[in-house]
Amino acid sequence: MKSAWFILVFGAVVCAGTLRLAAQESKPTGQASDEAAIRDNCAKYVEAYNRRDSGTMASMWSPEAVYEDPHTGERVTGRDAIKKQLDDAMAGDEDAKLSVNIDSIEFVSPNVAIEKGTAEVTSGNGEPEDSVYSAVHVKRDGKWQIDRISEWDAPTPPPSNYEHLKELAWMVGSWVDQDSTATVQTDCDWAKNRNFLTRSFAVTVGDQVSRAGMQIVGWDPVAKQIRSWVFDSDGGFGQGSWTHKGNQWIVQSTGTLADGGKTSAVNIYTKVDDDSFTWQSTNREADGHILPNIDPVVVVRKPTE
């Protein structure tokens with residue numbers, strides 16, 4: 001990784017909305033204005049980096065400022081040394097751009113603040129380089145300055161199967177199908193890291209839930225296809241293998257009833273548009289007995305309340 005060290009320094013107000021004005025309203029007036037000053041300095045620092053103005057950047061550090069490179073352990077002390085390191089770090093990559101997102105600014109005293117956040121350097125020479133940082137700011141003669149920076153590589157994102165499951169992203173949301181006797185509501189959302197889709201369902205007859213359950217949809221890296229597992233409130237469970245053809249998802253399903261009976265079916269989801277799809281079930285069997293097909297049922301997205 002490039003020695004991003006203080007290039008990735010203290011946060012800039014690059015992301016819209018990071019000012020958190022509502023939060024500032026509850027802070028003491030002086031602290032709110034100090035936080036605004038630190039954020040304004042951050043924005044100016046990033047602007048200076050993006051135009052290669054190392055002089056302005058170095059001037060925003062305190063005279064005794066210290067930075068320790070997390071990769072080499074080298075300590076850089078004072079504005080002159082910092083400016084030289086900035087010049088060396090920026091040399092040879094005129095296209096590099098810095099952006100920073102502030103996570104928090106906490107005041108440990110009226111004249112000392114700790115800023116935490118993430119930073120990214122992008123360039124035409126490779127992948128973006130991410131960093132997590134903590135910066136100490138001190139207030140001297142009415143001005144906030146950088147006094148110390150700690151920085152480390154951003155954690156590697158956990159693996160995700162989103163690329164395999166994104167074709168089903170349209171299912172996320174609340175869906176309803178109903179007739180004169182019953183209403184079925186299905187709520188679908190991503191699990192953490194988007195490795196699974198979770199679909200909870202409930203069948204309501206009158207004002208009573210007669211049956212409910214949960215379906216989990218994920219990617220099987222061995223079979224190299226989408227699979228699902230379902231569990232219902234009657235004690236039954238099952239699994240399915242999904243294939244995609246055009247606007248249809250065909251699920252070969254097998255299941256076990258609460259009494260041990262075996263079932264199988266081919267369930268078909270057909271996307272009509274972003275707010276509706278049809279569901280039907282064919283080739284249905286239970287304990288070797290053929291059951292009638294279920295004709296397509298229209299399922300619509302539940303209106304947002």
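Seen from ARG194, the other residues with C-beta closer than 13 Å to its C-beta sum to a net charge of -1, counting Lys and Arg as +1 and Asp and Glu as -1. Per-residue ellipticity at 222 nm from helix content only, as computed over the chain with -39500 (n - 2.57) for each DSSP H run of at least four residues, stands at -4500 deg cm²/dmol.
Region 146-218 and region 73-135 have Cα centres separated by 37 Å.
Rounded to the nearest 20 debye, the dipole magnitude of the chain is 20 debye, with +1 charges on Lys and Arg beta carbons, -1 on Asp and Glu beta carbons, and the Cα centre as origin.
For TRP175, TRP170, what's the fewest-to-most ordering of other Cβ within 10 Å of each Cβ?
Numbers: TRP175 21, TRP170 14.
Taking fewest neighbouring Cβ atoms as first place, the list is TRP170, TRP175.
Looking at the square roots a ≥ b ≥ c of the eigenvalues of the Cα gyration tensor of region 29-68, which shape do they give, rounded for a/c under 1.5, prolate if a/b is larger than b/c, or oblate?
Details: a/c = 2.96, a/b = 1.44, b/c = 2.05.
Oblate is the answer for region 29-68, as a/c is 1.5 or above yet b/c matches or exceeds a/b.
For the chain, modelled as a GNM whose springs connect Cα atoms under 10 angstrom apart, the maximal fluctuation among GLN225, GLN208, GLN280 occurs at GLN208.
Taking θ as phi - 60° and the Karplus parameters 6.51, -1.76 and 1.60, the scalar couplings of region 107-119 work out to 9, 8, 7, x, 10, 9, 10, 10, 10, 10, x, 10, 9 Hz in sequence order, x denoting glycine and proline. Students often get this wrong, so try it: which of (i) 18; (ii) 36; (iii) 52 is percent of Cα pairs over 31 Å apart as calculated from the structure shown? Among (i) 18; (ii) 36; (iii) 52, the one calculated here is (iii). Sparse packing (at most 14 other Cβ atoms within 10 Å of the Cβ) combined with a DSSP loop state is found for the following trypsin sites (Lys or Arg not before Pro) in region 203-260: LYS224. Sequence-distant contacts, meaning Cα pairs under 8 Å at least 6 residues apart, place the relative contact order of the chain at 10 percent. Using alpha carbons only, how many degrees (0 to 90, rounded to 10) separate the axis of helix 29-50 from the longest principal axis of the chain? Taking Cα atoms only, the helix is inclined about 90 degrees.
Sorting check: for 140-149, 282-291, which peptide has the highest mean count of neighbouring beta carbons within 10 Å, and how do the rest follow?
140-149, 282-291
Mind checking the angle between helix 79-90 and the chain's longest principal axis? C-alpha axes, 0 to 90 degrees, to the nearest 10. Computed tilt is about 50 degrees. Kindly work out what percent of the DSSP beta bridges joining two residues of the chain are antiparallel, to the nearest 5. The antiparallel fraction comes to roughly 95 percent.
Every number in this text was worked out from the coordinates using simple rules, so none of it is lab data. Since we're looking at a predicted model, the values are computed, not measured. With ideal geometry, Cβ positions are generated from the backbone for all residues, glycine too; neighbour counts draw on all protein chains shown.
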